[in-house]
Amino acid sequence: MPRPISATVSVSALAHNLAAVRRHLDQTAAAASGVAPSIWAVIKANAYGHGIEQAVAGFSKAQGLAMLDLDEAVRCREAGWGGPILLLEGFFNPSDLDIVDRYHLSVTVHQREQLDMLARARLSRRVDIMLKLNSGMNRLGFSPAAYPAAHERALLLQQQGVIGSLGKMTHFACADGPQGITEQLAVFNSVTHKMAAGPISVCNSAATLRFAEVAVGSEAQAHWVRPGICLYGASPFADAEAAAFGLKPAMSLRSEIIAVQELKAGDSVGYGALFRADRPMRVGIVACGYADGYPRHAATGTPVVVAGIRTRLVGRVSMDMLIVDLDPIPAAGVGAPVSLWGEEGPSVDEVALAAGTIGYELLCALAPRVPVARDA
Ligand SMILES: *Cc1c(COP(=O)(O)O)cnc(C)c1O
């Protein structure tokens with residue numbers, strides 16, 4: 001028997017979340033009498049830990065898929081995805097362009113070296129690019145001063161038959177917080193508004209959920225949004241739960257109680273004797289630890305669901321096990337089902353908050369040793 005831990009990825013929850021985002025975009029566009037944006041479902045980092053193949057199945061109705069790794073892009077093609085694929089960091093060296101060409105990938109172009117590589121490449125077909133502006137995040141992209149010349153150069157490469165579609169893109173640093181997108185959007189608009197029309201892409205999950213109106217396009221100018229985290233049923237916001245947007249968790253991490261200990265008042269449990277019982281109590285030992293991707297920084301009090309009832313983690317998370325308070329569930333013994341996050345709750349965002357991080361990190365960090373089962 002393998003250890004009783006497993007993650008289940010629900011393909012129907014992925015599809016449900018995509019449909020929820022689709023509906024939100026369609027309604028926003030209809031209210032503005034504009035054209036609704038297309039969706040690049042972001043599936044980087046092994047689809048935020050959910051698996052590329054599951055994502056290709058769940059997001060079959062997306063207009064495109066976006067990721068970073070060329071290997072993951074190839075896996076999408078091998079899984080049967082024939083639609084657009086955007087590489088969010090573009091390509092890294094000239095030989096990457098062979099793969100871009102062979103698998104018909106679209107690329108983000110964010111610096112001069114990439115234009116140099118494109119100019120020297122011998123490709124069998126045109127490459128569609130999104131030219132990225134650094135509108136204030138200062139991570140990737142041409143500065144506002146350099147962008148117009150880069151765009152001119154890309155137009156020239158388009159005339160020479162190297163580049164196909166030429167789009168404009170930026171990424172917001174604060175779409176999830178009080179600062180919002182106003183400043184960066186103003187920079188993006190002022191730099192790009194006089195340039196030749198082409199696809200535009202500015203919104204991640206947070207901007208898609210809160211500022212969808214900026215992604216409403218026109219007949220001449222198509223918009224594409226790039227949601228990631230919300231499609232997996234987790235929230236990009238510290239102040240709003242995913243469920244508030246009608247999203248369903250796509251990953252459920254489950255295990256079982258593998259042992260029970262009866263503590264006397266004053267007994268401690270786990271490394272460092274971090275938790276000490278103030279009265280007689282039962283605790284359950286769960287087959288899940290930080291080597292499975294459960295955060296070691298989750299503190300006493302982090303919510304855990306045992307046999308359908310919410311209880312709390314106690315003591316320090318160890319490599320292969322964690323400990324839960326069984327007082328609220330007197331009937332639970334060895335073999336009782338435990339939900340660490342997902343469908344039965346808690347949400348991955350609640351666990352992340354208790355561990356001082358975000359749901360993104362926990363989903364991406366699911367360890368390879370945890371078997372992943374696909375649910376319809
Ligand atoms: C990761 C990423 C996204 C998606 O971000 P979420 O917050 O998960 O929606 C969008 N665009 C770019 C460039 C990214 O790197």
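In region 65-79, what residues are assigned to a helix (DSSP H, G or I) and farther than 19 Å from Val225 by Cα? Show your work before the answer.
To start, the set of residues in region 65-79 that are assigned to a helix (DSSP H, G or I) comprises 70-78.
Those that are assigned to a helix (DSSP H, G or I) and farther than 19 Å from Val225 by Cα: Leu70, Asp71, Glu72, Val74, Arg75, Cys76, Arg77, Glu78.
Filtering region 219-232 to residues that are assigned to a loop (DSSP other than H, G, I, E, B) and either away from the ligand (no atom under 12 Å from the Cβ) or modelled with pLDDT under 95 (or both) leaves Glu219, Ala220, Gln221, Ala222. Among residues of region 175-196 being within 16 Å of the ligand (Cβ to nearest atom) and closer than 24 Å to Gly90 by Cβ, the one that is surrounded by the fewest Cβ atoms within 10 Å (Cβ to Cβ) is Leu185.
Condition check ((1) closer than 14 Å to Val260 by Cα; (2) part of a loop (DSSP other than H, G, I, E, B); (3) within 16 Å of the ligand (Cβ to nearest atom)) across all residues:
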site: Thr300; (1), (2), (3): no, yes, no
site: Thr311; (1), (2), (3): no, no, no
site: Ser318; (1), (2), (3): no, yes, no
site: Ile329; (1), (2), (3): yes, yes, no
site: Gly333; (1), (2), (3): yes, yes, no
site: Glu350; (1), (2), (3): no, no, no
site: Leu353; (1), (2), (3): no, no, no
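Within region 202-211, the set of residues being outside any loop (DSSP other than H, G, I, E, B) and out of contact with any Pro (no Cβ under 8 Å at 6 or more places or on another chain) comprises Ala207, Arg210. In the set (1) within 16 Å of the ligand (Cβ to nearest atom); (2) farther than 21 Å from Gln221 by Cα, Lys132 fails one condition alone, (2). Can you spot a residue in region 52-63 that is surrounded by fewer than 24 Cβ atoms within 10 Å (Cβ to Cβ), within 16 Å of the ligand (Cβ to nearest atom) and closer than 24 Å to Gln111 by Cβ? Checking region 52-63: not a single residue is surrounded by fewer than 24 Cβ atoms within 10 Å (Cβ to Cβ), within 16 Å of the ligand (Cβ to nearest atom) and closer than 24 Å to Gln111 by Cβ.
With respect to being within 16 Å of the ligand (Cβ to nearest atom) and surrounded by fewer than 18 Cβ atoms within 10 Å (Cβ to Cβ), Asp267 falls outside the description.
The values are calculated or read from the model by the stated rules, or taken from the named source; none is laboratory data. This is a predicted model, so every value here is computed, not measured. Backbone-built Cβ (ideal geometry, glycine too); neighbour counts: all protein chains shown.
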